[in-house]
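Chemist: Pasting a structure below so you can have a look.
The values are calculated or read from the model by the stated rules, or taken from the named source; none is laboratory data. Just so you know, these numbers come straight off a predicted model, no measurement behind them. Note that we place each Cβ from the backbone using ideal geometry, even for glycine, and neighbour counts take in every protein chain shown. Calculation scope for accessible area: heavy atoms of the full protein, side chains included, ligands and nucleic acids excluded. Shrake-Rupley method; radii C 1.70, N 1.55, O 1.52, S 1.80 Å.
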Amino acid sequence: MTVKLHTLPGNVELPALGLGVFRAPRGRGTQDAVLTAIEAGYRHIDTATVYENEADVGEAIRGSDIPREDVFVTTKLWNTDHGFDAALSACDASLARLGFDYVDLYLVHWPVPEARLDTWRAMERILGDGKARAIGVSNYMPGHLEELLADAAVPPAVNQFELSPFNYGSRRALIDLCDESGIVEAYSPLTKGLKLGDPTLAAIGATHGKSPAQVLIRWALEHGFVVIPKSTNPERIRQNADVFDFSLSDGELAQLDALDEGLVTGWDPATEPWS
Ligand code: NDP
């Protein structure tokens, strides 16, 4: 499969499709999903400290036929690890669990108040020390991003947040802000499965001989977003990567864009106390 590569500062190439491993079970569950994904052509894995499966991601990559440097790995700093010194230690601990001497992308998982600017200074140090090839944020809404951009020496290369046709309209201001400063990564792109029965997705999918999940992944790619669907099912892992032999028409994209209902399937960074 031919996956678009987004170029981040430092000529770091970020594949537009990755495998998410949130709620992938520790041990063989995560390891087998990562190995299946690599065999299917994925070269990008998205994990986090709080997913408790960094060690399995690292072990699977080491056990694969692919050199470490050919797989783009993201992990994230958890909310209890904010602050300059704590963030430095948290990165070292993630690297130890992964068994890597660098991660491709290190993200601040949530815009926790008070310490987040100090945390970002640690992120810049982590980048400078070569422990991460790129640094970014997750769940940053426009206010969080504007605050960071005003203060940062190095702007975030990426903002990862929940994005699908079902909240696209509500996120337009944020997407526009990210377009000026960094790449958008769409998490929960399959709405955690909640909207896969939607009739518009089914109708568009039927036109192309594709599933609703494949339509959602293609929608994200055509908007220029990085997309990280999660599956631990081998057939669905392969299906989610089989999205490069069709395209959506302008009319289909407009139909999908119009599905916005402000859907938030997880914590809402706009209202969550951590924000
Ligand atoms: P997704 O929107 O990717 O949906 C995953 C669900 O869809 C699972 O139940 C999966 O089941 C099912 N599924 C996957 N493929 C198919 C398919 N082809 N057909 C039908 N069902 C399918 O949910 P996530 O919330 O996991 O988001 C994806 C990734 O985004 C995460 O794994 C994580 O890496 C990242 N993320 C980041 C967050 C952050 O705060 N930064 C928050 C949430 C997610 P099965 O496994 O059985 O196939």
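Chemist: Being assigned to a loop (DSSP other than H, G, I, E, B), more than 16 Å from the ligand (Cβ to nearest atom) and either open to solvent by 50 Å² or more (accessible area, probe 1.4 Å) or closer than 15 Å to Leu35 by Cβ (or both) is the filter here, so list the residues in segment 47-86 that pass it.
Modeler: The answer is Ser64, Asp65, Ile66, Pro67.
Chemist: If you don't mind, another one. Need the failing condition index for Ala186 against (1) in a helix (DSSP H, G or I); (2) of a type in the set (Gly, Ala, Ser); (3) within 30 Å of Pro142 (Cα to Cα), just the number.
Modeler: With respect to (1) in a helix (DSSP H, G or I); (2) of a type in the set (Gly, Ala, Ser); (3) within 30 Å of Pro142 (Cα to Cα), Ala186 is out only on (1).
Chemist: For segment 25-37, which positions are closer than 18 Å to Leu98 by Cβ and either in a helix (DSSP H, G or I) or within 15 Å of the chain's Cα centre (by Cα) (or both)?
Modeler: Of everything in segment 25-37, those that are closer than 18 Å to Leu98 by Cβ and either in a helix (DSSP H, G or I) or within 15 Å of the chain's Cα centre (by Cα) (or both) turn out to be Arg28, Gly29, Thr30, Gln31, Asp32, Ala33, Val34, Leu35, Ala37.
Chemist: Of all the residues that make up segment 250-261, how many are in contact with a Ser or Thr (Cβ under 9 Å, 6 or more places away or on another chain) and either open to solvent by 40 Å² or more (accessible area, probe 1.4 Å) or farther than 30 Å from Pro111 by Cα (or both)? Talk me through it step by step, then tell me what you get.
Modeler: Narrowing segment 250-261 to residues in contact with a Ser or Thr (Cβ under 9 Å, 6 or more places away or on another chain): 252, 255-256, 258-261.
Filter once more, so that each one left must be either open to solvent by 40 Å² or more (accessible area, probe 1.4 Å) or farther than 30 Å from Pro111 by Cα (or both): 252, 255, 258, 260-261.
Qualifying residue count, segment 250-261: 5.
Chemist: What are the pairs with Cβ atoms under 6 angstrom where one residue, in segment 56-79, is within 24 Å of Pro111 (Cβ to Cβ) and the other, located anywhere, is in a helix (DSSP H, G or I) and polar (S, T, N, Q)? Sequence gap at least six, or different chains.
Modeler: Partner pairs satisfying both residue conditions: Thr75/Ser94; Trp78/Thr49.
Chemist: Is it true that some residue in segment 204-222 is closer than 24 Å to Thr74 by Cα and away from the ligand (no atom under 15 Å from the Cβ)?
Modeler: Within segment 204-222, one or more residues are closer than 24 Å to Thr74 by Cα and away from the ligand (no atom under 15 Å from the Cβ).
Chemist: Where the second residue is more than 12 Å from the ligand (Cβ to nearest atom) and at pLDDT below 95 and the first is within 16 Å of Ala254 (Cα to Cα) and lies in segment 207-235, which pairs have Cβ atoms under 9 Å and are six or more apart or on separate chains?
Modeler: What qualifies is Leu221/Val3; Leu221/Lys4; Gly224/Lys4; Gly224/Asp179.
Chemist: Test Arg133 against the criterion of being basic (Lys, Arg), under 28 Å from Arg68 (Cα atoms) and not in a helix (DSSP H, G or I), and give yes or no.
Modeler: So Arg133 passes the test.
Chemist: When you go through Arg43, Arg28, Arg23 one by one, which is the residue that is charged (D, E, K, R) and either near the ligand (Cβ under 10 Å from one of its atoms) or open to solvent by less than 70 Å² (accessible area, probe 1.4 Å) (or both)?
Modeler: Among Arg43, Arg28, Arg23, only Arg23 is charged (D, E, K, R) and either near the ligand (Cβ under 10 Å from one of its atoms) or open to solvent by less than 70 Å² (accessible area, probe 1.4 Å) (or both).
Chemist: Okay, moving on. Only one residue in Leu107, Leu95 is surrounded by 15 or more Cβ atoms within 10 Å (Cβ to Cβ) and either over 17 Å from the mean Cα position of the chain (by Cα) or in a helix (DSSP H, G or I) (or both), so which one is that?
Modeler: Values: Leu107 fails: either over 17 Å from the mean Cα position of the chain (by Cα) or in a helix (DSSP H, G or I) (or both).
It is Leu95.
Chemist: For segment 181-201, which positions are within 6 Å of the ligand (Cβ to nearest atom), open to solvent by 30 Å² or more (accessible area, probe 1.4 Å) and in contact (Cβ under 8 Å) with a residue 40 or more places away in the chain?
Modeler: Tyr187, Lys192, listed by residue number.
Chemist: If you don't mind, another one. Just name the residue that is least open to solvent (accessible area, probe 1.4 Å) out of those in segment 210-245 that are in a loop (DSSP other than H, G, I, E, B) and of a type in the set (Asp, Glu).
Modeler: Here the residue is Asp242.
Chemist: Do we have any residue at all in segment 2-18 that's within 15 Å of the ligand (Cβ to nearest atom), of a type outside the set (Phe, Trp, Tyr) and in a helix (DSSP H, G or I)? Talk me through it step by step, then tell me what you get.
Modeler: First pass over segment 2-18, keeping only residues within 15 Å of the ligand (Cβ to nearest atom): 14-18.
Keeping just the survivors that are of a type outside the set (Phe, Trp, Tyr) gives 14-18.
Add one more test, that the residue is in a helix (DSSP H, G or I), and what stays is none.
Scanning segment 2-18 turns up no residue that is within 15 Å of the ligand (Cβ to nearest atom), of a type outside the set (Phe, Trp, Tyr) and in a helix (DSSP H, G or I).
Chemist: A follow-up question, please. Just the residues that are over 20 Å from Val12 (Cβ atoms) and touching a residue at least 24 places away in the same chain (Cβ under 8 Å), please, taken from segment 128-144.
Modeler: Selection gives Asn139, Met141, Pro142, His144.
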